[in-house]
Structures are given as C-alpha cells and as structure tokens.
1. Name the residue that is modelled with the lowest pLDDT, counting only residues in the stretch A:368-393 that are polar (S, T, N, Q) and under 17 Å from the mean Cα position of the chain (by Cα).
2. Output the residue which, of all residues in the stretch A:506-518 that are over 13 Å from residue A:340 (Cα atoms) and in contact with a helix residue (DSSP H, G or I) (Cβ under 7 Å, 6 or more places away or on another chain), is modelled with the lowest pLDDT.
3. All but one of (1) free of Cβ contacts under 8 Å to residues at least 40 places away in the same chain; (2) surrounded by fewer than 20 Cβ atoms within 10 Å (Cβ to Cβ) hold for residue A:506; state the number of the condition that does not hold.
4. Having 3 or more residues that are within 27 Å of the chain's Cα centre (by Cα) and farther than 30 Å from residue A:296 by Cβ is the bar; report the helices (runs of 4 or more DSSP H) wholly within the stretch A:101-202 that clear it.
5. Does residue A:299 fit the bill of being at pLDDT 85 or above and buried (at least 17 other Cβ atoms within 10 Å of the Cβ)?
6. What's the number of the only condition in (1) within 17 Å of residue A:320 (Cα to Cα); (2) touching a Gly at 6+ places or on another chain (Cβ under 8 Å) that residue A:268 fails to meet?
7. Counting only residues that are assigned to a loop (DSSP other than H, G, I, E, B), open to solvent by 10 Å² or more (accessible area, probe 1.4 Å), among the charged types (D, E, K, R) and at the interface with chain B (Cβ under 9 Å from one of its Cβ atoms), how many does the stretch A:426-480 have?
8. Does residue A:411 qualify as being over 21 Å from residue B:108 (Cβ atoms), charged (D, E, K, R) and open to solvent by less than 50 Å² (accessible area, probe 1.4 Å)?
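The values are calculated or read from the model by the stated rules, or taken from the named source; none is laboratory data. These numbers were taken from a predicted model, which means no experiment stands behind them. Every residue, glycine among them, receives a Cβ derived from its backbone with ideal geometry; neighbour counts consider all protein chains shown. To get the accessible areas, we keep the full protein, side chains included, count just its heavy atoms, and leave off ligands, DNA and RNA. Shrake-Rupley method; radii C 1.70, N 1.55, O 1.52, S 1.80 Å.
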Amino acid sequence: MISNATAYIVSQLESELKTLPGRSNEIVQHLLELGYISLQKTNAIRESDIALAKEKFLDDVLTSDLFENTYIEKLLLTGHDFLMSTLLRQLTDIDEGMTIEKLPLTGEVSLKTRLIHYRLDIFGLWPLDIAVAFSSLSLLNLKEIAGYAGCNELEALNLIADIEKFTTHLLKNHEEEKFILVFKSPKVSEKTRNNLDRRHPFKRQLIEDFGDKTDYFRYLSKNILVNNPNNVDVNFLQKEALDPFKKFVLRLIQVHQWKDGFYSGLLDSDMGEVTLKSMLDAIEFYNNSENRNIKIHRVLTYVHQGYFIFNGLFFLQEYMVENDQLTAKDGEQKVLDNILSQLVVSDEQGKTDFSSNMNKLKNEIYSEAEQKPSERKGFLQRIYFGVKGLIKKAFRFARKIFSWIKDKVMKMWGFLKTLFRTFFDNLAMGIRAFVDGINFLFGRKFIESSLGNEMIVSKFSIDGDSVSITSGQISKILETHLQTIDYNIKSMKFTLAVAGGILKLLMEMVSILTWPLLMFNIIKIYKNISASYLDFKAEVI
Amino acid sequence: MVNDIEKGGQQKLKTGFQRLLSNIGEVIADAASLEVVTFTGDFTYKANQVVNNDVNKVRINNVLKLMTLESNVDLKLIAYTNVKIDSDVTTFVKSDLSQDDNELLKLHKEMIESSKASRQAVINMVKDLVKI
C-alpha cells in the first residue's frame, strides 16, 4: 500500500504538474509551421484539423528517411505527446537543425520538402504554402541564400539550420561594410526617432572602428552622417535599404532576436518599433549581464526621413555569435548546477524569495503556453521552442541567474522566461515519469482495454506479480491489449529509471530537502536519464 | 514551485521519501517469487455508473468498485502461474477450457513474460538504489 506521506508527495507533484506548461499548443504551432494545418485556419482551428494533421505528420515521419525507426520507437516509450513534440522540435530547430543529405526532386511532396519550405519561410524567402511540391521556386530561393553564403544550394539549406554557424560564415565571407545596414521605418514614432537620433556619436564610433577604410565609410561620413539633415543623401539611403543582401541580414537579425526571446513580434522583416525595441533590450540585457556599458550609438542611429543606420557587424559579433565551443548540454548542466548550489547555501529569506519568484516565472510561462498560435497580416505569431543557442549564451552568466530570479530583475525577465520554458518542460516530463514510476511501484497503474462488452484489465505489483481480469469475449481487443502491455513495460523501464534516479539522489540529501531543490533535481535527473536511455544525439530538446 | 508548501509540507516531504524507500524495501522482499493470475467474469454496467463517473469511458475504478461491492459478480480463475527465483514454474489452468478460452491463455502467457520484465525493471532500480 502507498503510505499517506508518499501519497502526499505524489499528489503534490501531480498538482505541480497541472501548473506546468503543456506541449499541446507547441505541437499545433509546429504543425502550422510545417504546413500540416493551413495558415488560413490558424485563428479557427478545430480539434479534427489537429487530429488529421498529427496523423498525416506521423505518416510522413514513418515514410521519410529523416528519422530511424529505432529512434522513433524509443521516443514513443516516453509518451505520444513527447514523441510528437520532440520530432517537431527537431524538425523546426534552427540552432542545430537536422542535416538533409540530398535535395528532393522537382514535384516531390514530403516531410523533407516541408522542412525546406519552412526554413525558407523563416528567412522570409517562401511566399507560398509550405505544403506545396518542391519546385523551381524552391530551388531559386535556395540559390539566393547559397549566393550570399558562397556555397551550393544543399550546403545553404543545411547552413540555415544552424543560425549561429550560418552567421559566422556570412561574417567571414563578406566585407565589413556589408553589415552596415540601412532600413526605413516610416511608422516609428517621432519620439523614438528623436530618442534614437545619435548621428554624431554614431559617426565618431564608425570612424573609430573603420576609419576611412573604404569609399563606403568615407561616403557615410561625408554625405549621410552630416550635421544638417537636409544635406543627407536620401537616394543613397534608399538604394542601401533595398540592397537584397543587407535586407537579408536584417531579417537574419530579426530571427536571432526572436530565437533569443528579445523579439516577440511577427517574423516579417519589418524593422518597426517592436524590432527596434528588441535591439535596445538586447543591448541593455548584455550590459547588465556582463557589467558593460555599450551605448545605443554603438549600434544604431536614426538619420532622416524614416531611415536608420544599424551597425549589424557589431551587433552580430557581440551578441549573436558565441565563440566558445561549448555544447548546449554542458551549458544547461552548468546553469542547473549553479542554481542548485546557490539554492543550497542561500538563507531562508533567499530560498523563500527564489521559490516565490520561480512561481511567478512559471505562471507567466504557463499563460503564454496556453495561448493558441494565431495569425496576423498573413504571418504566424510564433514562439521559438529551441534553446540550444540560448543555453550556450546563458553559460556566460550562469552564476547570475539565481539572483536574477531571487531579486526578480525585470530587465532579465524576458530572457529568463525563454530560458526556463524548457526547464519547466523538462520538469513536467520528469514529474510525469516519476509519478508513473511510483504509481507502478505501488500498484496504482492499471492497463485497461475495452470495446463494447469486451474488456481486459491488467495490473502489476511492485514485485512483478500481475493480475488480469477479462469480461466477455476478448478476441477483438486482445492484440491491442498485449501491445499496450508491451508498450507500458518498456516505458516502465524508463519511468522506473527516472524514479530510481530521483529517489537515489533524495536519499542522499533528505536532510536538506526543499521543494525547489526537489524540482531542480527532477529536471537534472530526467535530462540525464532520458539522454542516456534514449541515446539522444541532440543534447537539449 | 508548489505554492502552499511551507515548513509542514517540507517535513511531510522528508517523511514521505523515507517511508517510500522503506516500503520499496519491504515489498521487494516478496520478489523471490512471481505470481501471474488471470480471471474472467461477466460485468455489466448500469447507466448511472457510466454517466456519473465519466461521460464516455468506463473507468477502471468503476470496474473494481463493481467487483468489490456487488456480490453477484462471478470470477472464474483461468490460470495461475508461480515462478520461483530458482526458475521453478508451477501453473494451474482451468480444466474445461473451450476453444474461445485459448485467447485467455494467450493473454496469460504474455502476462508471464511481461511480469518477468516488470520484476527485472524493479530489481534493476533497487540494485541501483543500493549500489550493488
């Protein structure tokens, strides 16, 4: 029998589970992103649309050569939602996305063609439905990226699935001046324009950085960043703003900002007020996290007639590219270890504040996760669910994360929400596995199959004993029931491994146990066991 | 984290884990033999039992409640198997099995294999816990 105290733990964890963000909206978003649900349906999706999309997606997965069957079987053991969201997250990953070995033939419609169109869409180069066949347009738009990257179409397709590597590649292969970007943002308010009119310090900085290296920088100094706005060469600005490569780099920056949680607007290449604010937020964030004092003019200035100049070179080099060859798994481990070690030594007040603010963070993430994907102006309002790149960045200031939460530092809150979305996701998976394991151990897990008058119920005890009870003829349900048993036994090995891992650690630290400590340990153990059990190639999912 | 967990809750948490470990230790002592039992019976549901508890699905609790509370449920033992840790196996099978009952036997056989796998998984977990 399960004891009252154990039942208390399980019930508390089950309550906790209900407050954690689920994956259902994420799955719907990815199905939209890959064209399994039409974008036009976004604001009125029916359950039947989702069910059909899931079915079609799984059919495509099984007939594609993108995933090995053994991998899918292993994922299935951790639950259907986990299988769906993991595969979808891997497909839509642009941090360390999947490598495609060969381009499809014209006319092909498959998971691979959807993936290609999704990647082009992220970079603003896919105007059609994601689900359409691979065509000359698909190839033409891949060629455009290949041209920027100086490689062939297949290499370009794989480069854009690793946005950091792609950015580094572009930075290496283009002149510095190609990253000094001009954009027109006519709708930006007068107040913002005035606030961002930093022509003089921007010019000084440009001279300091680049001197009169090229005609381009000389021209900027003499004809654009001038005292009298009426003398600005607006034709030059107009031409620069239309430069296809520079427009592409601006989109790349918007994608970076979105991926890192600074930008929550539409991926639409529109450098409006929201995108500008996200840039300023990023500067402020890095200033705060690294005790630096980078001024706005280091990066941006308003010039004239709605035109801005943006130092994309500095922005990308400083904030968007990590030079350390750290893996996301190491980064995540470091962040968790730091939080745990500080939590253990923190005083009572610190523990209480931390716990309370973690709750606030969780509630906000939960509210966001509950919002269904929506469509505006023909664009999908979406969240980036991968965090590999972000975690690598978080490694830089892992030691500060505990106090940012404890003190609820608002400037860091957006970043923390993005970072912790995945932690809470793993916590939910860990708790589910733990509770399943404990329920199994104490005989609370029943496996039931029924159809009409046919019914089979099976129950296992902790020592392996089992009882099955049937009613009516069981011919129609026997095979399904046996398959369910087989699935449950296999998944039980996983859940027991998680439960055992958690119990083992808690045996060692029972005297200092608190709920936040328990939660963070569940995340850590779940991550470690799932990585070794499922033999994941991707360390962070 | 869990909102309403104050110091009392933390104490319960600690006690809970200690009890949990102790329970696992006690029950695992019974792992020396494995018992697999298969019953059959005829269950019918009254409409209110289905509707009041779940709209479409007859939950397992309803089934068990029915078995416990209603004395007219007649369970028949189809097969019983005992597997000792030294691999001695004893099986009793109902004597007058019909052709249709073969499926029940198939279920029983599969459950023996699943039970072995289940016991092994628990033993592995305990071995890991006590660092054998």
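1. Across the stretch A:368-393, the extreme among qualifying residues is A:371.
2. By that ranking, first place goes to A:510.
3. Every condition holds for residue A:506 apart from (2).
4. A:111-122, A:136-149, A:153-159
5. yes
6. (1)
7. The total comes to 1.
8. When the stated conditions are applied, residue A:411 does not pass them.
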